[in-house]
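Below is one structure; the comments refer to it alone.
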Amino acid sequence: MFPFSVARSRVNSPQQATTAIHEGSGYELISFDAEKLNVFAAEVFYCEPHWHSAPELICILSGEFSVTLGHSTSVFAAGGMLYINPDEIHSLEARAPNSQLLTLQFAPNLFDETHPAPQMEYASLTPNQERDADKQLRNSVIALVEHLVRAQSSFDRISLVYQLLGTLAATGKRQDDRQQVTIRKKDQQLVKYGIEFINQHFDDELTLTTIADNAGVSYHHFSRTFKKISGYNFKEYLTMIRINKAKRLLKDTHIPITDISYTCGFSCHKQLIFAFNKYCRMTPTAFRKSYITAINSADELQVMTDSRFLPLGESVIARLRGFMSAG
């Protein structure tokens, strides 16, 4: 959900998810240039559940994040690192002010049948508990970021990318339990269907029972699985989607806020105000004013996405190096 991604729509049934999921709005279509690598630093408030075909490595630069990945939620402190497999649902939320991260996304065409993208589990919650292998991985990240910041030879850069991937593959835990992997994929597919259904019908009087019935599973199974994998319960996620739609409509000052509340599926104006205060820490009116102030400036993206992108420079390298001494 960051600078290189585009969301698309739509999917109609859980069976279609494997073939049509790349048209769904929970799926991110990430663009890459000839470097086959995206690297960016950002201050992030939250990132709703999503997935993409590009694997990524996240390094926490400051603050603290709660990250939901697979079937679990973990808290990562500054210096923590985690790897996200291709097409794996994940979400995150800052748990401290000024929480910032560095993200490295690897283009799918970096891999082939002989050298597939790593499918594994890797997480280092804090540099205070690092193994030697974690330190080697961090060194590989630093070497690559230094190369990017200092604009050195692109031929050497691709070598550093593969070196980083090799270190990552050697450091992570392989997913060898085929039965567990199968169950995990089935659950992920169910939640992807639920996310797409919500994204398509958020403006209706949508209930969890309706989604579970359409997916062909019980209310309790869908509710439990959705919460476990997405990190949010059904009502929380539905509200977040409605708020994001409202943000886009609030950009148009000719649309009354009362009309926006009904257009986005809220039952009344007060419900929209309550949701904005909870998730955006301001009223819809204040949001509209902040957008008008930020329009045509570098702050516009921050207002719309709850993210502030940071310069990728020597300060990022210094932070990464600082974690080496903390371990």
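The values are calculated or read from the model by the stated rules, or taken from the named source; none is laboratory data. Nothing here was measured: the structure is a model prediction, and the numbers come from that model. Positions of Cβ are backbone-derived with ideal geometry, glycine not excepted, and every protein chain shown enters the neighbour counts.
May I ask you to list the residues in region 222-247 that are of a type in the set (S, T, N, Q) and within 15 Å of E205 (Cβ to Cβ)?
First, the residues of region 222-247 that are of a type in the set (S, T, N, Q): 223, 225, 230, 233, 239, 244.
Passing the criteria: only T239.
Going by the conditions given, is T253 more than 25 Å from H71 (Cα to Cα), in contact (Cβ under 8 Å) with a residue 24 or more places away in the chain and among the polar types (S, T, N, Q)?
Yes, satisfied.
What are the pairs, 6+ residues apart or on separate chains, where a residue within region 133-155 that is assigned to a helix (DSSP H, G or I) has its Cβ under 6 Å from a residue that is basic (K, R)?
Partner pairs satisfying both residue conditions: H147/R157.
Applying the selection to region 183-212, what residues are in a helix (DSSP H, G or I), crowded, with 18+ Cβ neighbours inside 10 Å and over 22 Å from the mean Cα position of the chain (by Cα)?
Passing the criteria: L208, I211, A212.
Limited to region 82-100, what total is found for residues that are over 13 Å from L69 (Cα atoms) and among the hydrophobic types (A, V, I, L, M, F, W, C)? So that I can check it myself, show each step before the final result.
Here is the first cut: in region 82-100, the ones over 13 Å from L69 (Cα atoms) are 94-100.
Of the ones still in play, those that are also among the hydrophobic types (A, V, I, L, M, F, W, C) are 94, 96.
The number of residues fulfilling the criteria is 2.
Per-residue answers, yes or no, for (1) of a type in the set (G, A, S); (2) in contact with a Ser or Thr (Cβ under 9 Å, 6 or more places away or on another chain); (3) not assigned by TED's automatic domain parsing to the domain that holds A94:
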{"residue": "I198", "(1), (2), (3)": "no, no, yes"}
{"residue": "V217", "(1), (2), (3)": "no, yes, yes"}
{"residue": "H220", "(1), (2), (3)": "no, no, yes"}
{"residue": "S230", "(1), (2), (3)": "yes, yes, yes"}
{"residue": "T239", "(1), (2), (3)": "no, no, yes"}
{"residue": "D252", "(1), (2), (3)": "no, no, yes"}
{"residue": "C280", "(1), (2), (3)": "no, no, yes"}
{"residue": "S290", "(1), (2), (3)": "yes, no, yes"}
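Would you please name the residue that is modelled with the lowest pLDDT, looking only at residues in region 44-103 that are among the acidic types (D, E) and within 12 Å of the chain's Cα centre (by Cα)? Give the derivation first.
Restricting attention to region 44-103, the residues satisfying the condition of being among the acidic types (D, E) are 48, 56, 64, 87-88, 93.
Subset that is within 12 Å of the chain's Cα centre (by Cα): 48, 56, 87-88, 93.
Numbers: E48: 85, E56: 97, D87: 90, E88: 92, E93: 90.
This residue is E48.
Only one of (1) under 20 Å from L137 (Cβ atoms); (2) not in a strand (DSSP E or B) is not met by S53, so which one is it?
In the conditions (1) under 20 Å from L137 (Cβ atoms); (2) not in a strand (DSSP E or B), S53 misses (1) alone.
If you check A286 against the conditions, is it at pLDDT 90 or above and over 20 Å from the mean Cα position of the chain (by Cα)?
Numbers: at pLDDT 90 or above: yes; over 20 Å from the mean Cα position of the chain (by Cα): yes.
Answer is yes for this residue.
Starting from region 179-190, keep only residues that are at pLDDT 85 or above, then list their pairs with residues that are surrounded by fewer than 16 Cβ atoms within 10 Å (Cβ to Cβ) whose Cβ atoms are within a distance under 8 Å, requiring at least 6 positions of separation or different chains.
As it stands, the answer is D187/H71; D187/K228; Q189/T18, since those pairs meet every condition given.
List, please: which pairs have Cβ atoms under 7 Å, are six or more places apart or on different chains, and start with a residue in region 217-244 that is free of Cβ contacts under 8 Å to residues at least 24 places away in the same chain and end with one that is surrounded by fewer than 16 Cβ atoms within 10 Å (Cβ to Cβ)?
From region 217-244, the pairs are Y219/T209; K227/N233.
Checking C264 against (1) modelled with pLDDT of 90 or more; (2) buried (at least 19 other Cβ atoms within 10 Å of the Cβ); (3) closer than 29 Å to S72 by Cα: exactly one of these is not met. Which one?
C264 satisfies every listed condition except (3).
Can you tell me which of (1) touching a helix residue (DSSP H, G or I) at 6+ places or on another chain (Cβ under 8 Å); (2) part of a helix (DSSP H, G or I); (3) under 20 Å from I84 (Cα atoms) is the one A117 doesn't meet?
Of everything listed in (1) touching a helix residue (DSSP H, G or I) at 6+ places or on another chain (Cβ under 8 Å); (2) part of a helix (DSSP H, G or I); (3) under 20 Å from I84 (Cα atoms), A117 misses just condition (2).
Pairs only if they're at least six apart or on different chains, beta carbon under 8 angstrom, first in region 197-210 and in contact (Cβ under 8 Å) with a residue 24 or more places away in the chain, second basic (K, R) and part of a loop (DSSP other than H, G, I, E, B); list them, first residue then second.
So the pair list comes out as N199/R10; Q200/R10.
Give the residues of region 57-73 that are surrounded by fewer than 20 Cβ atoms within 10 Å (Cβ to Cβ) and either closer than 25 Å to E196 by Cα or not assigned by TED's automatic domain parsing to the domain that holds V149 (or both), sorted by residue number. Walk me through how you get there before you give the answer.
If we filter region 57-73 for residues that are surrounded by fewer than 20 Cβ atoms within 10 Å (Cβ to Cβ), which is where we start, we get 62-64, 66, 70-73.
Correct list: S66, G70, H71, S72, T73.
Can you tell me which of (1) free of Cβ contacts under 8 Å to residues at least 60 places away in the same chain; (2) not assigned by TED's automatic domain parsing to the domain that holds E88 is the one A169 doesn't meet?
The failed condition is (2).
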